[in-house]
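Trainee: I am attaching a structure below and will ask some questions about it afterwards.
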Amino acid sequence: MVTPPMNFALTLPRYVLTDVVKPTLVALGIMLGLVWLLQSLRFLDLIINKGLGVGTFLHLTLLLVPMLLTIIVPLAVFAGCCYAFRRWQDDNELTAVLAGGHSPMRLLWPALLWAMAAVGVGYWIYLNALPASTTAFKDMQYQLRTQEGQLLLEEGTFNQIGDNLMVYLKKRLTPTTLELLLVHDTRTPAQPVTWYARRGHVQLGPDGYPQLVLEDGIRQEIGKDQVSMLEFKSYNLDIRQRLGTQMLQPREREQEEYSLGELLNGAATTTDRKVHDEMLAEANKRLLWPLTPLPLVLLAAAWLLRAPRRHTSSVRLLVGAGVGAIIYQSALMTANSLVEGGSAVALYGQWLLPVATVAFAVWLGNREKIFG
């Protein structure tokens, strides 16, 4: 009879934790890369057609990462645990552990600790990183639209700036250097003005709003009885005067940018029922959704840590765990939508979802003597 080493109590949990952490990190990297790439495609037009710098593009899209992690982290932990548990099934490692007189709980505890770490990361993302990154993203997006973005002109098309300015750009040499421009100003409908310029460049004025400097061109103004034309070497076109007051208003923050305290205080003090419901839904989402890795890991364990059977395929068990995870995630999103719609039942009932899922996983596991 072979005597197990004295440090087996530490070796097994360390082995299990390593087996769970590695596929989790791989799944996290793959899913984050794919989803980030798909989200970034929405902004490629800013580089290809409108001359936005690559650095600005990367900064803008990287600000989306915390939002993506809120969805990806629980799924990555679930995928990592499923991969490890199924491998133990297929490689008969689970059989060896059970034959040695050890409970499946010896394998589950390290995975639960990893899930608890993911819960902590989730709370940090939801309560700190997500509001800050969303605010930075919205600020940058607003700046591109109202300031620099109004001069991210697309080549070969008529670009509308504000309510009364149309710019046609033939060619862009650099993000701020332009060639062959036509600018049509209808601020005074009775006397429209058109500029033709061989070159131009964009610069920001002292107030931070863009100015379009036209070079080597002609200014044409159509009056009631005559047309006047004037050649110029350089003409500074103040874009701020033509953007309109609405586009120069300070940006109002959205609920995703509020801290948890601001959401709770806002829900308690607002008189607008719709705003109250939306703030309350967002606050509960910040507190509830980070708990997702725990029920998902327990679901994976309840299906995949059962003793191997000759006629039971690990693929079938994996599908069962996956269906359970999909149902749980769908129920969370549905409940959140109902809370936003003002459903008081959904507001409190959504907290039963993780409890009910954990209870179901424990019941399912006890049938197979996993948690016993």
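The values are calculated or read from the model by the stated rules, or taken from the named source; none is laboratory data. Values in this document were obtained by computation on a predicted structure and should not be read as measured data. With ideal geometry, Cβ positions are generated from the backbone for all residues, glycine too; neighbour counts draw on all protein chains shown.
Trainee: Can you tell me which residues in the range 78-127 are outside any helix (DSSP H, G or I) and in contact with a Lys or Arg (Cβ under 7 Å, 6 or more places away or on another chain)?
Mentor: Scanning the range 78-127 gives no hits.
Trainee: Only one of V315, V339 is among the aliphatic types (A, V, I, L, M) and surrounded by 12 or more Cβ atoms within 10 Å (Cβ to Cβ). Can you tell me which?
Mentor: Among V315, V339, only V339 is among the aliphatic types (A, V, I, L, M) and surrounded by 12 or more Cβ atoms within 10 Å (Cβ to Cβ).
Trainee: Is it the case that the range 350-363 has a residue that's at negative phi and outside any helix (DSSP H, G or I)?
Mentor: yes
Trainee: Follow-up question, since we're still on this one. For the range 321-365, which residues satisfy the criterion of being touching a Pro at 6+ places or on another chain (Cβ under 6 Å) and of a type in the set (S, T, N, Q)?
Mentor: T357, the sole residue that qualifies.
Trainee: Filter the range 61-107 down to residues that are over 35 Å from the mean Cα position of the chain (by Cα) and of a type in the set (G, A, S) and give me whichever is nearest to L144 (Cα to Cα).
Mentor: S103
Trainee: Go through the range 254-274 and give me each residue that's within 17 Å of Y126 (Cβ to Cβ) and among the hydrophobic types (A, V, I, L, M, F, W, C).
Mentor: Selection gives L260, L263, L264, A267.
Trainee: Of the residues that make up the range 196-203, is at least one at pLDDT below 80 and either over 35 Å from the mean Cα position of the chain (by Cα) or within 22 Å of M140 (Cα to Cα) (or both)?
Mentor: yes
Trainee: Hey, another quick one. Across the range 158-190, what is the total count of residues that are over 34 Å from the mean Cα position of the chain (by Cα) and among the β-branched types (V, I, T)?
Mentor: 3
Trainee: Name the residue, out of Y83, Y126, that is under 30 Å from Q143 (Cβ atoms) and crowded, with 18+ Cβ neighbours inside 10 Å.
Mentor: From the options Y83, Y126, the qualifying one is Y126.
Trainee: Yes or no: V323 in a helix (DSSP H, G or I), surrounded by fewer than 18 Cβ atoms within 10 Å (Cβ to Cβ) and touching a residue at least 60 places away in the same chain (Cβ under 8 Å)?
Mentor: For V323, the condition - in a helix (DSSP H, G or I), surrounded by fewer than 18 Cβ atoms within 10 Å (Cβ to Cβ) and touching a residue at least 60 places away in the same chain (Cβ under 8 Å) - is not met.
Trainee: Would you check if there is a residue in the range 104-121 being of a type outside the set (V, I, T), surrounded by 18 or more Cβ atoms within 10 Å (Cβ to Cβ) and closer than 30 Å to T135 by Cβ?
Mentor: Yes, the range 104-121 contains a residue that is of a type outside the set (V, I, T), surrounded by 18 or more Cβ atoms within 10 Å (Cβ to Cβ) and closer than 30 Å to T135 by Cβ.
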